[in-house]
Amino acid sequence: KEKATRQEVEYLEEDQVRELIEHVPEPSTRNKLILRLLYSTGIRVGELTNIRMDDVDFAQRTIEIHTQKSDSYRTVVYPSGLSTLMTIWRDSVRPSQLYAEDSLYLFPTDSSEQISVETIGGIVRKAAESADIQEVYGQDARGGEQHKVTAHTLRHSFAVNAIKQEPPMPLPLLKEALGHSDIDITQVYLDVAQKDVEDAYRAYGPSL
């Protein structure tokens, strides 16, 4: 069950997301598209790896996202600013991938018909390190480093920034966009955004 607390929600401001995208490793066209899709739609990284070509309506800029562990799906919309990059990927770059011809997926690679969650995680970590916005805060059970900026951080960033924008995205709509089963899960992002506003008042508000 996806249940985060305020302390567990690590997110990036929009300028940090831009820096992250600008510092992706090669192949940059594919990797920029992946990070921009994750941020602009808020989908889970596992959902992105499972997107099939037939799930994408390039004219309407919609993607059918199949919910993990169920037969249901939801529809997300990517911004018009991504249309050109999506077309370049579909028509020029994707066909050059070694496994593209046999793949049903939006993101095949030169070594597989379907990009892996681990590969995307590595892309995000390298980009965050290059952009100098990465932090290591501990170790996992296997002794590996735990990073603050991960692929899932982009999902958190979409959610918090969607609430912080003017006008904010209504919580019920955000719940549907994220594919949450319970609005209480989505409420965490509202709590984070409100806490940030309170902290900003204390730090920068007038004292008179």
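The values are calculated or read from the model by the stated rules, or taken from the named source; none is laboratory data. Note that the structure is predicted; figures quoted are calculated from it, not measured. Ideal geometry is used to build each Cβ from the backbone, glycine not excepted, and the neighbour counts take in all protein chains shown. These accessible areas exclude ligands, DNA and RNA; they are computed on the full protein's heavy atoms, side chains included. Shrake-Rupley method; radii C 1.70, N 1.55, O 1.52, S 1.80 Å.
Quick one: how many residues across region 76-92 are open to solvent by less than 70 Å² (accessible area, probe 1.4 Å), part of a helix (DSSP H, G or I) and not β-branched (Val, Ile, Thr)?
Residues in region 76-92 being open to solvent by less than 70 Å² (accessible area, probe 1.4 Å), part of a helix (DSSP H, G or I) and not β-branched (Val, Ile, Thr): 6 in total.
Could you list, ordered by first residue, the pairs with Cβ atoms under 7 Å in which the first is in region 126-137 and farther than 12 Å from Val24 by Cα and the second is open to solvent by less than 40 Å² (accessible area, probe 1.4 Å) and modelled with pLDDT of 95 or more, at least 6 apart or interchain?
Once the first residue is farther than 12 Å from Val24 by Cα and sits in region 126-137, its partners that are open to solvent by less than 40 Å² (accessible area, probe 1.4 Å) and modelled with pLDDT of 95 or more give Ile133/Leu20; Gln134/Ala128.
Within the group Leu20, Leu33, which residue is open to solvent by less than 60 Å² (accessible area, probe 1.4 Å), more than 19 Å from Ser112 (Cβ to Cβ) and either out of contact with any strand residue (DSSP E or B) (no Cβ under 7 Å at 6 or more places or on another chain) or part of a helix (DSSP H, G or I) (or both)?
Result of the check over Leu20, Leu33: Leu20.
Suppose we filter Glu101, Glu113, Glu22 for residues that are acidic (Asp, Glu) and touching a residue at least 40 places away in the same chain (Cβ under 8 Å); which single one remains?
Glu22 is the lone residue from the list that is acidic (Asp, Glu) and touching a residue at least 40 places away in the same chain (Cβ under 8 Å).
Run down Glu13, Glu47 and say which single residue is within 25 Å of Val188 (Cβ to Cβ), crowded, with 20+ Cβ neighbours inside 10 Å and not hydroxyl-bearing (Ser, Thr, Tyr).
Glu47
Quick one: would you say Ser40 is within 25 Å of Lys175 (Cα to Cα), surrounded by fewer than 15 Cβ atoms within 10 Å (Cβ to Cβ) and among the hydroxyl-bearing types (Ser, Thr, Tyr)?
On the way: within 25 Å of Lys175 (Cα to Cα): yes; surrounded by fewer than 15 Cβ atoms within 10 Å (Cβ to Cβ): no; among the hydroxyl-bearing types (Ser, Thr, Tyr): yes.
Spelling it out, it is not the case that Ser40 is within 25 Å of Lys175 (Cα to Cα), surrounded by fewer than 15 Cβ atoms within 10 Å (Cβ to Cβ) and among the hydroxyl-bearing types (Ser, Thr, Tyr).
Consider only pairs whose beta carbons are under 7 Å apart and that are at least six residues apart or on different chains; among these, list those whose first residue lies in region 162-173 and is closer than 16 Å to Val188 by Cβ and open to solvent by less than 70 Å² (accessible area, probe 1.4 Å) and whose second residue is assigned to a loop (DSSP other than H, G, I, E, B) and aliphatic (A, V, I, L, M).
Final answer for the pair search is Ala162/Met169; Ile163/Met169.
Out of curiosity, is Pro95 part of a loop (DSSP other than H, G, I, E, B) and at pLDDT 95 or above?
no
Kindly list the number of the only condition in (1) modelled with pLDDT under 95; (2) closer than 22 Å to His23 by Cα that fails for Thr153.
(1)
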